[in-house]
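Student: Submitted below is the structure of interest, expressed as C-alpha cells.
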Amino acid sequence: MTQLKNRLTVEEFLALPESDTTYEFVDGEAVPKYKNEQMSPKFFHGSTTGALFILLSTWAQDQGRVVVEWAIKLTKNQESWIPVPDLTYVSYHRLPADWLEDEACPVIPELVIEIISPGQTFGDMIDKATYYLKAGILLVWIVDTISQTITVFTASSLPVTFRGNQIISHEILPDLEITPHTIFQRAGLIR
C-alpha cells in the first residue's frame, strides 16, 4: 500500500474518494490504517468486530448508535486528527437520533474500540488509546483476539484487562454488562 505524501487539509482528506483502503488523517497526511497486508483484518478481527457490533447494537437500541469503522474528527497534539476506530459508540445525548449525515462523526463519542490486527502490537494500541483519551473520548477498549482479553482505558484510572467471565461495565454505558467470554464465543473463537 502506498501512503499519500501531500499535506492535506481536513476538508481535502474528507473529500478523498472512497477506496478499498481505509485511511486515517494524521499530521496532515492520509495514512493507511493497516500498513501492510499482514495487518489487514483477518477472520479473528472480522468475526470479533461483527460480534461486538451485534452485542453492543442490541444493548444500545434506543440510547445510541454503534458504528463500524466510522471516522471521528478529533485533535491530537493541537492538530486535526481523524482516526477510524474499529467500532464507535456515541449516545443520542451527544448526537441526536434524528441526525443523519454521511460524514465523519462530528462529536466526541463515549467509546471507541480497537481490535489488534496481525502486525500491530499492544504497545501501538496503548499509544492510540492515550491519544483517544487526551482527545476527550471517555472509554477505549483494546481487544486482543489472541489472548482473548479486553483492556479498558479511561482518563481517570489505570487500564484494566478483562478475561474470561469477568464483567465489563461502566457508568458511561448504563446497564451494559458484558464479558470477554461472551464476545469471543459470539465471534466463534471459543469452542
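Student: Quick one: Karplus J couplings for region 106-112, per residue in order, coefficients 6.51, -1.76, 1.60, θ = phi - 60°, nearest Hz, x for Gly and Pro?
Tutor: Running phi through 6.51 cos²θ - 1.76 cosθ + 1.60 with θ = phi - 60° gives x, 10, 7, x, 6, 9, 10 Hz.
Student: Please report, in whole Å³, the volume per residue of the convex hull around the C-alpha atoms of region 143-191.
Tutor: 76 Å³
Student: Below 19 Å, Cα to Cα, which aspartates and glutamates can LYS134 reach? Residues fewer than 8 away in the same chain don't count.
Tutor: Answer for LYS134, where 19 Å is the Cα cut-off: GLU24, ASP27, GLU79, ASP86, GLU110, GLU114, ASP124, listed by chain and number.
Student: Additional query: Search the structure for amide H atoms under 5 Å from the amide H of LEU176, placed 1.01 Å from N in the peptide plane, and list their residues when 5 or more places away or on another chain.
Tutor: HIS170
Student: Contour minus end-to-end for GLU177 and HIS93, with contour as 0.36 nm per residue of separation and end-to-end as the Cα-Cα distance? Show your work: numbers first, answer last.
Tutor: Numbers: separation 84, 0.36 × 84 = 30.24 nm, distance 2.04 nm.
28.2 nm is the gain from fully extending GLU177 to HIS93.
Student: May I ask you to evaluate 6.51 cos²θ - 1.76 cosθ + 1.60, the Karplus curve with θ = phi - 60°, for each residue of region 64-69 and list the ³J(HN,Hα) values in order in whole Hz, giving x for glycine and proline?
Tutor: Each residue's phi maps through the Karplus curve to give x, 10, 10, 10, 8, 6 Hz.
Student: Rolling a 1.4 angstrom probe over the protein heavy atoms, how many square angstrom per residue are accessible across the chain?
Tutor: 53 Å²
Student: Across region 76-86, in residue order, what do the Karplus-derived ³J(HN,Hα) couplings come to in whole Hz, using 6.51 cos²θ - 1.76 cosθ + 1.60 with θ = phi - 60° and x for Gly and Pro?
Tutor: The phi angles translate into 9, 6, 6, 10, 4, 9, 10, x, 10, x, 5 Hz.
Student: May I ask you to list the GluC sites (Glu not before Pro) in region 112-191 that are in a DSSP loop and have at most 13 other Cβ atoms within 10 Å of their Cβ? Before the final figure, lay out each step's value.
Tutor: Numbers: sites: GLU114, GLU171, GLU177; in loops: GLU171.
Taking region 112-191 and a limit of 13 other Cβ atoms within 10 Å, the loop GluC sites (Glu not before Pro) found are GLU171.
Student: Still on this model: Any idea what angle helix 122-134 forms with the longest principal axis of the chain, computed on alpha-carbon atoms, 0 to 90 degrees, nearest 10?
Tutor: 80 degrees
Student: Specify the inter-centroid distance of region 44-87 and region 114-191, based on alpha-carbon positions, in whole Å.
Tutor: Spelled out, the Cα-based centre of one part sits 12 Å from the other.
Student: Separate question: When the Debye formula is applied to the Cα atoms of the chain, each taken as the same point scatterer, what base-10 log of I(q)/I(0) results at q = 0.08, 0.17 Å⁻¹?
Tutor: The Debye formula, applied to the Cα set alone, gives -0.25, -1.20.
The values are calculated or read from the model by the stated rules, or taken from the named source; none is laboratory data. Computed from a predicted structure; not experimentally measured. When we count neighbours, we look across all protein chains shown, and the Cβ atoms used for this are built from the backbone with ideal geometry, even at glycine. Calculation scope for accessible area: heavy atoms of the full protein, side chains included, ligands and nucleic acids excluded. Shrake-Rupley method; radii C 1.70, N 1.55, O 1.52, S 1.80 Å.
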